[in-house]
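Accompanying notes for the structure given below.
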Amino acid sequence: MSGATLSSLIYDAALALVYPQVCAICGASVESRHDGVVCAACWQTTRVFTQDDTLCWKCGQFTEAAISHDRRQSVRCGRCDEEAFTGARACGFYEGALRASILELKREPHVPNRLARLLSDALRREPINSADLIAPVPLHPKRERERGFNQALLLARELARIGGLPLDEHSVVRRLHTERHRAGMDAKARRKSVAQAFAVRHPKLVAGQRLLLVDDVFTTGATVSACASAIKEAGAAEVFVLTIARA
């Protein structure tokens, strides 16, 4: 065991004693600060995607079908053909530790190490590993003032740091203050609510780029597709999407 690892374990033990963190899922003690608000056991039961999973090559929809690696690029769900993005991936399902981490991220501007590692792992997989520029899905200025920060920007900054890719924080903007997507809204309603909501104010910075859009959750894909559409219209070669989870 390295000195750094031992120091980290000692620090975690002392922190748990003085400032105990209760797991947001099961109520047990969170053993390591690197796990955020979820204990190790609950992280272990959360379904996280791996390179061996079969996904729709375009939108990342999970399928139980057993497909050989050499045929993965031909897998299509048939529901995302019209989406503006080139390909979308997520770390896992919107459940358990991933769901709890997303809800916490909307309240506190902090990306725990375990979550950052999962995002980094996903970034190295096809097809999104060909991206050469990172940008967050923007919030409308009014919404960002209400929250105090944009959680997508926090994720994008962390990914840019880990992946060594340039980050564009300013080119993509949200020009319309749209209604929050409610649980139960169908894809058509979500798509209508974000139509024409995004714009690119510095087209030269995205022209010809293979841009990776970062957000917290992929639900129907309406938001990221509308954002990708604006970026493609500004001249980007391709637009990929990476989120923490897929609902």
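For the range 91-112, taking the residues that are assigned to a loop (DSSP other than H, G, I, E, B) and over 11 Å from Val217 (Cβ atoms), the one that is most open to solvent (accessible area, probe 1.4 Å) is identified as Arg107. Looking at the range 235-246, which of its residues are in a loop (DSSP other than H, G, I, E, B) and open to solvent by 20 Å² or more (accessible area, probe 1.4 Å)? Hits for the range 235-246 are Gly235, Ala237. Taking each residue of the range 224-244 that is in contact (Cβ under 8 Å) with a residue 12 or more places away in the chain and farther than 27 Å from Leu115 by Cβ and looking for partners that are among the aromatic types (Phe, Trp, Tyr) and not in a helix (DSSP H, G or I) with beta-carbon atoms closer than 9 Å, six or more apart or interchain, yields Ser229/Phe85; Ser229/Phe198; Ala230/Phe198; Lys232/Phe85. For first residues located in the range 92-118 and touching a residue at least 40 places away in the same chain (Cβ under 8 Å) and within 27 Å of Cys56 (Cβ to Cβ), partners that are surrounded by fewer than 16 Cβ atoms within 10 Å (Cβ to Cβ) and among the aliphatic types (A, V, I, L, M) and lie 6+ apart or on another chain with Cβ distances below 6 Å form the pairs Tyr94/Ala247.
Right, Asp12: at pLDDT below 80, of a type in the set (D, E, K, R), surrounded by 16 or more Cβ atoms within 10 Å (Cβ to Cβ) and over 30 Å from Val239 (Cβ atoms) or not? So Asp12 passes the test.
When the range 29-53 is filtered for residues that are under 15 Å from Pro112 (Cβ atoms) and either assigned to a helix (DSSP H, G or I) or open to solvent by 30 Å² or more (accessible area, probe 1.4 Å) (or both), the ones remaining, listed by number, are Glu31, Arg33, His34, Asp35, Ala40, Cys42, Trp43, Val48. In the range 54-89, of all residues being modelled with pLDDT of 95 or more and of a type in the set (A, V, I, L, M), the one that is surrounded by the most Cβ atoms within 10 Å (Cβ to Cβ) corresponds to Ala88. Arg89 passes every criterion in (1) free of Cβ contacts under 8 Å to residues at least 60 places away in the same chain; (2) closer than 28 Å to Ala236 by Cβ; (3) basic (Lys, Arg) apart from (1).
The values are calculated or read from the model by the stated rules, or taken from the named source; none is laboratory data. These numbers come from a predicted model, not from an experiment. Every residue, glycine among them, receives a Cβ derived from its backbone with ideal geometry; neighbour counts consider all protein chains shown. Areas reflect the complete protein model, heavy atoms only, side chains present, ligands, DNA and RNA absent. Shrake-Rupley method; radii C 1.70, N 1.55, O 1.52, S 1.80 Å.
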